[in-house]
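Q: Right, I'll just put the structure down here and ask away after.
The values are calculated or read from the model by the stated rules, or taken from the named source; none is laboratory data. Only a predicted model underlies this, so the values are computations on that prediction, with no experimental measurement involved. Methodologically, a virtual Cβ is constructed for each residue, glycine included, from the backbone with ideal geometry; neighbour enumeration extends over all protein chains shown. We work out accessible area using only protein heavy atoms, side chains counted, and drop any ligands, DNA or RNA first. Shrake-Rupley method; radii C 1.70, N 1.55, O 1.52, S 1.80 Å.
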Amino acid sequence: MSTSSQAQKSTSRKATSASVDTDSAHQLSVHSRQGRNKLLSESILPLLLCLACPFLVRSIVFICTHCHGSISEFFQRLLFSQTVTLKDILEDFFYFEWHWPSGIIIISFLIYAVVMTIILPGKEYKGPVTDTGHVPVYRDNGFCYYIVSLILFASLTFLLKLNHLSPTYIYDHWEEFLSTVSTFAFLLCFLVMLKGKYIPSTNDHRSSSNWLTDFYRGVELYPRIFNVDIKLITNCRYGMLAWALLTVIFCMKTFELYGFTDSAFITCVLTLVYLTKFFWWESGYMKTMDIIVDRAGFYLCWGCLVWVSGIYTLPSYFLVTHPNQLGWTSTAIVLTLGLVSIYINYDCDRQKIQVRSTQGKCSVWGKPARTIQAKYRLLNGKEHESTLLASGYWAISRHFHYIPELTLAFLWTYPCGLQHILPYFYAIILFILLMHRAHRDDQKCRLKYGLAWDKYCRLVPYKVWPGIY
């Protein structure tokens, strides 16, 4: 064999090995977690989170309802009260309760979400291509679904009121409702895990011998039943719509008890406007990390069904038992700042969508868009290209849109007052979540785009906070 032939084969083997290593590293970074202690990261931590999150949600509701919103009073009752037994703790915070009226509401809501997602009109659009070459297809009817749902809810409320009933029944049985939806979500996550292991919808699935890891992180990236995307239903059509409706219900309860309360009004209006923006932009959300990176498991599905309902609605729920009058001046200031934050958050996403849809051939803030064309290779060997924007808001920081979102979270919680830290729990958790997401996104993009991402980071050096992080 000639020396040149041996050199060619050696070069070919090195190139193939490098490609495999790169692709494996990319797949690992996107779809799994790396760590020295696999027992901790893949077993102990998921187990603790699966136990702690339901306890945390139930505890926060308990504090609002039974402890005057005081965390210290809660721990005193939990740790030092002689009347509280272990049985009481298990029943109040860990028990998988099933309250049939709540169960009927939850299941009916999910059936409604699936049926409306199927029958409502909308243009088809495609999500990002996956590592295996799969391209998910959706119907763009989220905004229509949201508006129709609000109209139907208003009509249902009117009919209930005629019969001396009210949707605030859900508030009156909120602890039972949360326990029931948590029980249902655990069961759903287990069934989705089994489906991913034995009947996956696409090749974008990852099953392991560790069922706890698969339950927590999920198996499938794009699970579908009857061609309906499960993550679309849990994240958007149930989770986000439930957030809107529950906020309205809690505001109604506040008005029923105390008459018009400007604090509840502010929180409700800002939340509804923000979620209106979300559903208007739902097709953009279906291209974010929640959808293209996180698999359908406890972390995502239980979180959207239970965590969103119990934690994201916390300011509205808190105001029912802690009403607060701000006055017209403060009301106007908070509403104005909140609406400006929503607009900036929307405008950030609009800039990116506009630039990508025109391949960078457009203006941003009156100047030609500054972009980087970043090429990357899928696991099947096909090459694709993404447009990285370094103009407008995206020249300030790589995730500048997180800043108005965090500002908004503070503004719609501010009406709760500054006497208690509890209602700010959502804003605190959101801050941690978004900072962690910015870190994860940076890792994913650096591995995916390589030198192009390094060049982009030199143009836009900060992840979120200009001059800080």
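Q: Could you tell me which of rounded, prolate or oblate describes the stretch 132-217, using a ≥ b ≥ c as the square roots of the eigenvalues of the alpha-carbon gyration tensor, with rounded for a/c under 1.5 and, failing that, prolate when a/b is larger than b/c and oblate otherwise? Can you show the working numbers first?
A: On the way: a/c = 4.81, a/b = 1.70, b/c = 2.82.
Oblate is the answer for the stretch 132-217, as a/c is 1.5 or above yet b/c matches or exceeds a/b.
Q: Let me ask you something else. Of all trypsin sites (Lys or Arg not before Pro) in the stretch 373-469, which ones are in loop regions per DSSP and have a Cβ with at most 12 other Cβ atoms within 10 Å?
A: For trypsin sites (Lys or Arg not before Pro) across the stretch 373-469 that sit outside H, G, I, E and B with at most 12 neighbouring Cβ atoms in 10 Å, the list reads 382.
Q: Another question, if that's okay. As a test of the formula, what do you get for the chain when each DSSP H run with n ≥ 4 contributes -39,500 (n - 2.57) and the sum is divided by the residue count, at 222 nm and rounded to the nearest 500 deg cm²/dmol? Before the final figure, lay out each step's value.
A: On the way: 18 runs with 269 residues, N = 469.
Result for the chain: -19000 deg cm²/dmol, rounded to the nearest 500.
Q: Where in the chain are the DSSP H helices whose alpha-carbon span along the long axis reaches 18 Å or more and whose Kyte-Doolittle mean is at least 1.6?
A: Helix filter hits for the chain: 45-66, 100-119, 142-162.
Q: What pairs in 277/382; 231/382; 123/253; 123/444 have C-alpha atoms more than 32 Å from each other?
A: Working: 277/382 35 Å; 231/382 26 Å; 123/253 38 Å; 123/444 30 Å.
Those over the limit are 277/382; 123/253.
Q: Suppose all protein chains stay in the model; what accessible area per residue would a 1.4 Å probe give for the chain, in Å²?
A: Computed with neighbouring chains in place, this is 48 Å² per residue.
Q: Pop out the carbon and sulfur fraction of the accessible area of the chain as a percent, whole number, probe 1.4 Å.
A: For the chain, the apolar C and S fraction of the accessible surface comes to 64 percent.
Q: For the stretch 358-468, go through all pairs of different Cα atoms, get the mean of 1/r, take its inverse, and jot down that Kirkwood value in Å.
A: About 16.1 Å, per the Kirkwood formula over Cα pairs.
Q: Mean separation of Cα pairs under 8 Å and 6+ residues apart, divided by the residue count of the chain: what relative contact order is that in percent? Kindly include the intermediate steps, with their values, before the conclusion.
A: Numbers: 579 pairs, mean separation 77.4, N = 469.
Taking the mean separation of contacting Cα pairs over the length of the chain, I get 17 percent.
Q: Could I ask something else about it? Specify whether the C-alpha gyration tensor of the stretch 239-345 places it in the rounded, prolate or oblate class, a ≥ b ≥ c being the square roots of the eigenvalues: rounded for a/c under 1.5, otherwise prolate if a/b is larger than b/c and oblate if not. Show your work: numbers first, answer last.
A: Values: a/c = 2.97, a/b = 1.59, b/c = 1.87.
Oblate shape, in that a/c is at least 1.5 and b/c is the bigger or equal ratio.
Q: What Kirkwood hydrodynamic radius do you get for the chain when you take the inverse of the mean 1/r over all pairs of distinct Cα atoms, in Å?
A: With all distinct Cα pairs of the chain included, I get 24.3 Å.
Q: Roughly how big is the chain's charge dipole about its Cα centre, with Cβ charges of +1 (Lys, Arg) and -1 (Asp, Glu), in debye to the nearest 20?
A: On the way: 42 positive and 31 negative charges, 437 e Å.
In total the dipole reaches around 2100 debye.
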